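Colleague: Dropping the structure in here first, questions after.
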Amino acid sequence: MLKVTFISGIGASLLAAGIAHAEGNEVNEPNRPNVLLIYADDLGYGDLGCYGASAVKTPNVDRLASEGVRFTQAYAAASTSTPSRYAMLTGEYAWRRPDTDIARGDAAMIIRPEQYTLADMFKHAGYATAAIGKWHLGLGDKGGEQDWNAPLPAALGDLGFDYSYIMAATGDRVPCVFIENGQVANYDPSAPIYVSYERNFPGEPTGRENPELLYNQKPSFGHDQAIVNGISRIGYMKGGGKALWKDENIADSIVTHALDFIRANQNKPFFLYFATNDIHVPRFPHERFRGKNPMGLRGDAIAQFDWSVGRLLQTLDELGLTENTLIILSSDNGPVVDDGYADQATERLGDHRPTGALRGNKYSAFDGGTRIPAIVRWPREIREPRVSDALVSQIDWLASLARLLDARLPKGSASDSRDYLESWLGRSDENRPWVVGQALNKALFIRTPEWKYIEPSEGPSITQYERIETGYSTEPQLYDMTNPYEGENEATRHPDIVYRLQWTLRKVKDKTL
Ligand code: NG6
Ligand code: CA
């Protein structure tokens, strides 16, 4: 009897493994696809072949678009990284709370453990979950006081991610190490890590004082503090040793970890948040890509991003997972050309238009700041590839994907997120009635299919260093969005529309809509 049980047990598990292997995630129920969220950094509306770019080739992203839905009116919730990611992962606008501006590398974890996140939603639904790549939402309990030589007291495991391999902030901010499951990856005990955004550590070189040490890239403005890998950064840092990243290996490293995660979880549903360092500054891709693009390093970084996407697609194909993997590809905010390093991005831009025909850039209240590329592919459900002009926002991913999974959200969570699953899957062209977005100075805009209102705010109309049109004005602004370029302020001509949009924005702020 014992023997029989033993044999049937083995047989059953072998059979299950065999089925799972042969059919990949076909064993998943139809409404439980794997979800791969590919989130680029500073990738603009015009930076991809499928959105009209010709100076850089993006065959892998273009393939994704040609097999899915490509959106022309998709928005990030903010024109910079931290608030945009905060909103996307929590389903709550970042401007509702303090401390959600561009985070330092030693910021405390901004999303608190008790908050509900997109990852929590998948985890509770039985998915294996991971975050790999750029984080930029703080770590630990107290800003500026983390001990980087010990496990961090608050990390992504508290936010629903089973596995994480992340950069604490950005490529241009210390600490320049990967954090794996809340601890420095490849930790080097011979080189303990110290980080400060206040003062340098005695004897450590800086970009400002030791420009001769900047053998890989020099700043064009700012970015003149700690030197790591021949590139100076924002913030001071000491130590790290073998754990320090090499910028040229970041894409390879995160892709390798992503593929390992996918392979390890090929027999159960998974959610992978794959957030690339490309194409944020410092742009210093692997030498396979460097010097290959007529646009220089900015183009090379786009090509490296496309390669990363290609590796993911290829691996899904090899594992038989393509059919039932829902891929969302997008960007955290619009593009910037010179973002503080002398990487020739401006000089070599040529005819390329990073925002396509949109006005403004990263940081802006204009659409160049927040209207981003967005592509959704899910072969099992999306049979007819298409372009969708539906007005959609990343703020809705949480509620939309929750509906897909039949997940119930805890009361009070994700309060700004709405279910637009049908639009996001391209099955409907239903517009979100309005989209709200945030500029660097926290000015809000509200966009409907026809109009966009930008609330009055203080600040320069052009940023000093990046030379970006911000869209800030102390006057109310109203633009006709049937034209992609926000050219003429029509506020005085249409006071009724201004009034209506102001009213709606007020209701959004008050949560009474
Ligand atoms: C700015 C940095 C810029 C970039 C940005 C954050 C300077 C002069 N500029 O303050 O280089 O790091 O912050 O970008 O330091 S984001 O995409 O992560 O929001
Ligand atoms: Ca960004």
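Colleague: Restricting to the stretch 163-179, what's the tally of residues that are out of contact with any Gly (no Cβ under 8 Å at 6 or more places or on another chain), closer than 20 Å to Gly230 by Cα and of a type in the set (A, V, I, L, M, F, W, C)?
Modeller: 1
Colleague: Now a separate question. Got at least one residue in the stretch 94-109 being closer than 20 Å to Leu440 by Cβ, among the basic types (Lys, Arg), crowded, with 24+ Cβ neighbours inside 10 Å and within 16 Å of ligand 2 (Cβ to nearest atom)?
Modeller: Step one: of the stretch 94-109, the residues closer than 20 Å to Leu440 by Cβ are 94-105, 107.
Checking which are among the basic types (Lys, Arg) leaves us with 96-97, 104.
With crowded, with 24+ Cβ neighbours inside 10 Å added as a condition, the list becomes none.
Checked against the condition, which is being closer than 20 Å to Leu440 by Cβ, among the basic types (Lys, Arg), crowded, with 24+ Cβ neighbours inside 10 Å and within 16 Å of ligand 2 (Cβ to nearest atom), the stretch 94-109 yields no hits at all.
Colleague: Within the stretch 458-477, identify whether any single residue is within 28 Å of Asp339 (Cα to Cα), over 27 Å from the mean Cα position of the chain (by Cα) and not in a loop (DSSP other than H, G, I, E, B), and answer yes or no.
Modeller: yes
Colleague: Contact list please: Cβ distance under 9 Å, first residue in the stretch 73-86 and over 26 Å from Gly426 (Cβ atoms), second residue within 11 Å of ligand 1 (Cβ to nearest atom) and part of a helix (DSSP H, G or I), pairs at least six apart or on different chains.
Modeller: Thr80/Gly369
Colleague: On to the next question. Being away from ligand 2 (no atom under 16 Å from the Cβ) and in contact (Cβ under 8 Å) with a residue 60 or more places away in the chain is true for just one of Leu505, Leu440. Which residue is that?
Modeller: Matching residue, one of Leu505, Leu440: Leu505.
Colleague: May I ask you to verify whether Arg380 is in a loop (DSSP other than H, G, I, E, B) and free of Cβ contacts under 8 Å to residues at least 40 places away in the same chain? Explain how you work it out, then say what you get.
Modeller: Values: in a loop (DSSP other than H, G, I, E, B): yes; free of Cβ contacts under 8 Å to residues at least 40 places away in the same chain: no.
No; evaluated as a whole, the condition is false for this residue.
Colleague: Among what's in the stretch 407-451 and is over 29 Å from Trp378 (Cβ atoms) and charged (D, E, K, R), pick the residue that is nearest to the chain's Cα centre (by Cα).
Modeller: Lys442
Colleague: Right, something else. Evaluate the stretch 208-228: report whether one residue or more is touching a helix residue (DSSP H, G or I) at 6+ places or on another chain (Cβ under 8 Å), under 22 Å from Ala103 (Cβ atoms) and in a strand (DSSP E or B).
Modeller: yes
Colleague: Kindly establish whether Ala107 is outside any helix (DSSP H, G or I), touching a His at 6+ places or on another chain (Cβ under 6 Å) and within 16 Å of ligand 1 (Cβ to nearest atom). Walk me through how you get there before you give the answer.
Modeller: Values: outside any helix (DSSP H, G or I): yes; touching a His at 6+ places or on another chain (Cβ under 6 Å): no; within 16 Å of ligand 1 (Cβ to nearest atom): yes.
So Ala107 does not fit the description; no.
Colleague: Separate question: When you scan the stretch 297-343, how many residues do you find that are over 18 Å from the mean Cα position of the chain (by Cα), more than 16 Å from ligand 1 (Cβ to nearest atom), among the hydrophobic types (A, V, I, L, M, F, W, C) and outside any helix (DSSP H, G or I)?
Modeller: So the count comes out to 2.
Colleague: On to the next question. Pairs under 8 Å by beta carbon, first residue of a type in the set (D, E, K, R) in the stretch 270-282, partner within 11 Å of ligand 1 (Cβ to nearest atom), six or more apart or different chains?
Modeller: Between residues of the stretch 270-282 that are of a type in the set (D, E, K, R) and residues that are within 11 Å of ligand 1 (Cβ to nearest atom), the close pairs are Asp278/Ala40; Asp278/Asp41; Asp278/Leu43.
Colleague: Shifting gears a bit: Filtering the stretch 308-332 down to residues that are touching a Pro at 6+ places or on another chain (Cβ under 9 Å) and not acidic (Asp, Glu), which residue is nearest to ligand 2 (Cβ to nearest atom)? Lay out the reasoning, then the answer.
Modeller: First, the residues of the stretch 308-332 that are touching a Pro at 6+ places or on another chain (Cβ under 9 Å): 310, 322-326, 329-331.
Pick out the ones that are also not acidic (Asp, Glu) and you get 310, 322, 324-326, 329-331.
Numbers: Gly310: 22, Thr322: 28, Asn324: 30, Thr325: 25, Leu326: 23, Leu329: 15, Ser330: 11, Ser331: 7 Å.
Result: Ser331.
Colleague: Any residue in the stretch 256-267 that is surrounded by fewer than 20 Cβ atoms within 10 Å (Cβ to Cβ) and either aliphatic (A, V, I, L, M) or within 16 Å of ligand 1 (Cβ to nearest atom) (or both)?
Modeller: Yes, some residue in the stretch 256-267 is surrounded by fewer than 20 Cβ atoms within 10 Å (Cβ to Cβ) and either aliphatic (A, V, I, L, M) or within 16 Å of ligand 1 (Cβ to nearest atom) (or both).
Colleague: For the stretch 333-357, give me the residue count where each residue is more than 16 Å from ligand 2 (Cβ to nearest atom) and touching a Gly at 6+ places or on another chain (Cβ under 6 Å).
Modeller: 4
Colleague: Follow-up question, since we're still on this one. Return the residue satisfying two criteria in turn: it lies in the stretch 365-390 and is more than 19 Å from the chain's Cα centre (by Cα) and not charged (D, E, K, R), and of such residues it is surrounded by the fewest Cβ atoms within 10 Å (Cβ to Cβ). Walk me through how you get there before you give the answer.
Modeller: At the first step, the residues of the stretch 365-390 found to be more than 19 Å from the chain's Cα centre (by Cα) are 366, 378-390.
Now drop any that are not not charged (D, E, K, R), which leaves 366, 378-379, 382, 385, 387-388, 390.
Values: Phe366: 28, Trp378: 23, Pro379: 16, Ile382: 17, Pro385: 15, Val387: 11, Ser388: 22, Ala390: 20.
Among those that are more than 19 Å from the chain's Cα centre (by Cα) and not charged (D, E, K, R), it is Val387.
Colleague: I would also like to ask the following. On the given criteria, is Ala357 crowded, with 16+ Cβ neighbours inside 10 Å and at pLDDT 95 or above?
Modeller: Numbers: crowded, with 16+ Cβ neighbours inside 10 Å: no; at pLDDT 95 or above: yes.
When the stated conditions are applied, Ala357 does not pass them.
Colleague: For the structure I just gave you, tell me whether Gly160 is modelled with pLDDT of 95 or more and touching a Leu at 6+ places or on another chain (Cβ under 9 Å).
Modeller: yes
This table checks each residue for (1) basic (Lys, Arg); (2) free of Cβ contacts under 8 Å to residues at least 40 places away in the same chain; (3) in contact with a strand residue (DSSP E or B) (Cβ under 7 Å, 6 or more places away or on another chain); (4) surrounded by fewer than 23 Cβ atoms within 10 Å (Cβ to Cβ).
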| site | (1), (2), (3), (4) |
| --- | --- |
| Asp147 | no, yes, no, yes |
| Phe161 | no, no, yes, no |
| Asn186 | no, no, no, yes |
| Leu214 | no, yes, yes, yes |
| His223 | no, no, yes, no |
| Lys242 | yes, no, no, yes |
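Colleague: Residues of the stretch 29-88 being within 16 Å of ligand 2 (Cβ to nearest atom) and part of a strand (DSSP E or B), which ones?
Modeller: Passing the criteria: Leu37, Ile38, Tyr39, Ala40, Ala74, Tyr75, Ala78.
The values are calculated or read from the model by the stated rules, or taken from the named source; none is laboratory data. This is a predicted model, so every value here is computed, not measured. Neighbour counts are summed over all protein chains in view; Cβ atoms, including those assigned to glycine, are modelled from backbone coordinates with ideal geometry.
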